[in-house]
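Readers should treat all values here as calculations from the given coordinates under stated rules, not as data from a laboratory. Keep in mind that this is a model prediction, so the values were computed, not measured. Using ideal geometry, Cβ is built from the backbone for each residue, glycine included, and neighbour counts are taken over all protein chains shown.
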Amino acid sequence: MMKPLINKKNVTKHSHNKGRIQAISSFLAILMALLLSGLTISITGVNPFAAIRVLFSGAFGSSYAFSETLLRTTPILIASIGLAISFRCNLTSVGAEGQMIIGAIAATFTGLKISLASPVLEILVCIIAGFLGGALFGAIPGYLKAKLGTSEIIVTIMLNYIAIDLLSYLLDGPMREGGSFYPQSALLDQSVWLPKIIAGTRLHAGFIIAIVFDIIYFFLMFRTPLGFKIRAVGFNSKAAEYAGVNVGRSILTAMMLSGGLAGIAGAIEIFGVHHRLLNGFTAGVGFDALAVALLGKLNPVGVFLASLFFAALKVGSNTMQHVMQVPTSIVYVIQGLLILFVFTDTLIKDKLLYFEKRLKTKQSGE
Amino acid sequence: MFKAVGELNLRRFFIQRMIMGLLMENEETTSANQPLVEMRAITKTFQNVIANNCVDLSVNRGEIHALLGENGAGKSTLMNVLYGLYAPDSGEIYLNGEKIIMKSPADAIAKGIGMIHQEFMLIPTLSVIENIILCMKSDNALKLDLQKAAKRLVDLSSRFGLDIDPWAKVSQLSVGEQQRVEILKALYRGTNILIMDEPTAVLTPKEVDDLFNVLKEIVKEGNSVIFISHKLGEVLNISDRITVLRNGKKITTVSSKDVSREQLAKMMVGREVFLQYDRPAVSVGKLVLKMSDVCCNNDRGLVALSNISLEVREGEIVGIAGVDGNGQMELAEVIHGLRKVTSGRIEINSVDTTNCSSKFAIEVGLSHIPENRQIRGLVLDFSVAENIALINCEKPPFTKNGIYFDPQNAVRVAEKLKNQYEIKCSNVNSPVKQLSGGNQQKVVLAREIYRQPKLLIAAQPTRGLDIGATEYVQKLLIEKRSENMGILLISSDLDEILAISDRILVIYEGKIMGEAIPGKTSVVDIGLLMAGSKVSEESRGKE
């Protein structure tokens, strides 16, 4: 019965298992969410297996469908990387939606006002303007948090409303297209539209930019002193302060980077898809990004897969509605369930670890 | 005739009663010899760690029984089993010879077992009497009769010499007084077995004496006290018998009359301990720390330090002695730039660092082993290597060209320090929270000394460490002193201060009470300074 105390072999084995158990528990969380979603779909009188099959074929079934999914992935990915930076700093920012809007306003304004000889340069300048717009909007909650300890959650929520109403005011007044019936800005010059990367689809260069940012995110967080400091502040700000890190500055930087990336996401949505500023162009991407960052566990690969998954749900749900008459709102139920189960996956992990331990003691007992 | 028979019956009856009485008395005397509590072959494991391994313990009536052992020897676990907090994996507990099974502390309290933990379980905003009757059934369900309860409390406190005002708010009481409230709470509930977990850790020498007198009063009435400690001196002083635990096993139970301090130390550690160190003579060099008239506030905005002036030179260890919470934490934070001074001036290495940033203090040559390593010193979710890189992460060798942070370099440095300081971890990439307290402290030490500072603040550097690790840390500090480092040692462990410092400053309520030289100033005098005896008249005059 009496087993020896911890030996070295056990410890290393345990830590190897941890990654596997994390993966299994994430998978189980998604599986359980899908099961419950299937149940919900069957309540509407539709065969859930058929519905989900249609949903996925709608997202991945053809090259066009797949290109649409990647198109939708783009802003979600960029915005969720931004949020991941603030989450790494233990800042629960909910402000991606508003920052996207401000970034889009700044970028569109620049695009309409300036005209540079090189269109590539002009796009670059506009995207930088989008970054700055988002960053400045993100700096507000960051500064308040760093100086006064104000809750960044409440400030970012409130700023979202300000951004939405500001956009609607601008489109009603100063930025409205001359003589237009709709509340929308003038169309951007075609030379500054983000180029298509696959002919015959809507997929534009923004997707490549998103992938580049995902890689930059990894290097920023794990290969620069700045990312190291942001993570240290996120885990334990008291220890970071003791170690000579300027905690306030790290918080401000994280919030500005977070907002800046959301701003780029907004700019790319305008320059790649809509080509003019519209009300409600974000389609809730800023909030999807929140769930994606959490589902992806703030990990560069995880965040990419989660954005792809969320985009697929969005694209596929339209097909599901057409073919199976399942309302699109079911997809929101699925998303909600997913988030719920993702939060419970620590619970699943603990249970798995517990079962594993019981299995081991049983084996050693025999 | 009838009368006679009646008389005879009556006589017979009385005789029977007398015999029965005698028998009963006899029974009582045998039960007095029987232990009050007996724990037999208690085993308790946590995951893979065996905290208690077949431990026996028997405590007699009217006895103060000490449970001696290093940190992690299993003392607290054993007592938590007795108090019903943990269910043992195997083993039995007998109370008055009767087997008992306890499911929760409520069961234990109902059976007369009380435990006073290191952290007091009191509500600061309530009065003493309110705290004491908390969670107790009232005689009258509708009316709360505090007066009656207070009267009973006063009776109880005068019986045991525990002087306390039942109407005082707990927040206004000193630590020693709060401990008395805890003891009274236990007695009020009818405790006859009182378990005290390291009760003297937070007390001044005078308060310790008072506590010991109270404990002696308590056992005089046939109650028993179990006293958990790792301090040899006080264990020998107070207890009747001593049970020594080591690595979860019972080593022995001895009568304190038959054992010497050295024997106890050997039993506790399993080898000879040298609590005295050779300190090579070092001539002191330049000033590395100079504080002049420094004042600052604590987190609540009250004065924490008032007019502190002190100096530390190269090649000396200056000990700051004092009971916890007298401004030691603020002192370290002010020097490190983590707390603003309200007046005064601080110089590290002859550079003015008054109200500088934490980063600047580090750049000027400060290293700091913080009092609370888990909150200040380490990022528990980071790996050992990342924690080594925590300070100066933007500088070589951790960051190349000011931009590329190379985790491999952090690992390389960490591997080197792991071997040099014998840090026990499976891998320098494993999270530092998986390490034991002693090894976590070694990570902090290794990092702070690796920078080769001019000035090292070591705040409670051996708190929570076992004797082996303590010895290691203390030797290391002396070694660094010989290498001309200036060390400010802040510790509430007077033995530690006496063993390794060159000079001692005693701090009390944010003031330096006086200077002492180890070996020259008597321990009693230092104890008096720690208790603030010098200012007590002054402050009384103010009130």
Next item on the list: Work out the FRET efficiency for B:ASN237 and B:GLN263 from their Cβ-Cβ distance, taking R0 = 25 Å, and round it to the nearest 0.05.
Entry: 0.95
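Ranked by Cβ crowding within 10 angstrom, fewest neighbours first, how are A:PHE218, A:PHE355 ordered? Kindly include the intermediate steps, with their values, before the conclusion.
Working: A:PHE218 15, A:PHE355 10.
Lowest to highest Cβ neighbour count: A:PHE355, A:PHE218.
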Notebook entry, point to check: Which order, highest average first, do A:87-95, A:35-43 follow once you tally other Cβ atoms within 10 Å for each residue and take the mean per peptide?
Noted result: A:87-95, A:35-43
Checklist line | Dmax and Rg, reported as Rg then Dmax, of the stretch A:65-177 (C-alpha, Å) | finding: 15.6, 48
Notebook entry, point to check: What number comes out for the charge environment of B:GLY91, summing +1 per Lys or Arg and -1 per Asp or Glu over other residues with Cβ under 12 Å away?
Noted result: 0
Margin query: How shielded is B:366-375 by partner chains, expressed as the average number of their Cβ atoms within 10 Å of its Cβ atoms?
Written below: 2
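Which entries of B:LYS359/B:LYS395; B:LYS454/B:LYS480; B:LYS286/B:LYS340 show an alpha-carbon separation above 22 angstrom in the structure shown?
B:LYS286/B:LYS340
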Next item on the list: Sticking with the crude label model, points 7 Å out along Cα→Cβ, report the distance from B:LYS99 to B:ARG159 in nm, one decimal please.
Entry: 3.4 nm
Next item on the list: Mind pulling the angle between the C-alpha long axis of helix A:152-172 and the longest principal axis of chain A? Nearest 10 degrees, somewhere in 0 to 90.
Entry: 20 degrees
Item checked: Cross-link partners of B:LYS151 among aspartates and glutamates (Cα-Cα below 17 Å; sequence separation of 8 or more within a chain) -> B:GLU130, B:ASP139, B:ASP163, B:ASP165
Next item on the list: Can you tell me the 0 to 90 degree angle between the C-alpha axis of helix A:48-60 and the longest principal axis of chain A, rounded to 10?
Entry: 50 degrees
Next item on the list: Mind giving me the nanometre distance, one decimal, between the label points for B:VAL524 and B:ASP89, set 7 Å out from Cα along Cα→Cβ?
Entry: 5.0 nm
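Taking the Cβ of B:LYS340 as the centre, find all other residues whose Cβ is under 14 Å away and add up their charges (Lys, Arg: +1; Asp, Glu: -1).
Working: positive: B:ARG339, B:ARG345; negative: A:GLU241, B:ASP299, B:GLU330, B:GLU333.
Once positives and negatives cancel, what remains is -2.
Just the projected area, averaged over all directions, of the convex hull on the alpha carbon atoms of chain B: how many nm²?
Values: hull surface 134.1 nm².
Taking the Cα atoms of chain B, their convex hull projects to 33.5 nm² on average.
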Item checked: Label-zone membership for the stretch A:292-311, site A:ILE215, 7 angstrom Cα→C-beta point, backbone N under 20 Å -> A:299-308
Margin query: For A:ASP189, project a label point 7 Å along Cα to C-beta. Then give me every residue of the stretch A:90-118 with its amide nitrogen under 20 Å of that point.
Written below: A:105-118
Next item on the list: Take every DSSP beta bridge with both residues inside the stretch B:33-269 and express the antiparallel ones as a percent of the total, to the nearest 5.
Entry: 55 percent
Note to self: With n ≥ 4 as the cut-off for DSSP H runs, can you work out [θ] at 222 nm for chain B, using -39500 (n - 2.57) per run divided by the number of residues, rounded to the nearest 500?
What the structure shows: -11500 deg cm²/dmol
Next item on the list: At most 11 other Cβ atoms within 10 Å plus a DSSP loop assignment makes a site exposed; report the longest stretch of chain B without any exposed chymotrypsin sites (Phe, Trp or Tyr not before Pro).
Entry: B:275-543
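Scale the Cα Rg of the protein assembly as shown by the rule-of-thumb value 2.2 N^0.38 Å and send over the ratio, two decimals. Write down the numbers at each step before the final one.
Working: Rg = 35.1 Å, N = 909, 2.2 N^0.38 = 29.3 Å.
Its radius of gyration relative to the 2.2 N^0.38 Å reference: 1.20.
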Check: Rounded to two decimals, what ratio of Rg to Rh does the stretch B:280-406 give with C-alpha atoms and a Kirkwood Rh?
Finding: 1.01
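Please average, across the residues of B:415-427, the number of beta carbons from any other chain that are within 10 Å of each residue's own beta carbon, and give a whole number. Don't skip to the answer; put the middle values down first.
Numbers: counts 0, 0, 0, 0, 0, 0, 0, 0, 0, 1, 2, 9, 4.
That average works out to 1.
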Note to self: What distance in nm separates the two pseudo spin-label positions at B:LYS424 and A:ARG53, each 7 Å out from Cα along the beta-carbon direction?
What the structure shows: 5.9 nm
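Just to be sure I understand: of the beta bridges DSSP finds with both ends in the protein assembly as shown, what percent are antiparallel, rounded to 5?
Values: 47 of 83 bridges.
Approximately 55 percent, going by the DSSP bridge assignments.
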Note to self: How long are the semi-axes of the equivalent ellipsoid of the stretch B:33-269, defined as square roots of 5 times the Cα gyration tensor eigenvalues? Whole Å, largest first.
What the structure shows: 30, 21, 16
Check: Can you give me the relative contact order of the stretch B:33-269 as a percent, contacts being Cα pairs under 8 Å and 6 or more apart?
Finding: 30 percent
Next item on the list: Within the stretch B:469-531, list the trypsin sites (Lys or Arg not before Pro) lying in a DSSP loop whose Cβ has at most 10 other Cβ atoms in a 10 Å radius.
Entry: B:LYS520
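Other chains' Cβ within 10 Å of A:227-240 residues: what's the mean?
5
Below 8 Å between Cα atoms, with a sequence gap of 6+, how large is the relative contact order for chain B in percent? Display every interim value, and only then the final one.
Values: 988 pairs, mean separation 74.8, N = 543.
Averaging sequence separation for qualifying contacts and normalising by length gives 14 percent for chain B.
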Check: Based on the alpha-carbon gyration tensor of the stretch B:95-212 and its eigenvalue square roots a ≥ b ≥ c, which shape applies: rounded if a/c is under 1.5, prolate if not and a/b is larger than b/c, or oblate?
Finding: oblate
Next item on the list: Set the Förster distance to 35 Å, then compute FRET efficiency between B:THR253 and B:LYS137 from the Cβ-Cβ distance, nearest 0.05.
Entry: 0.40
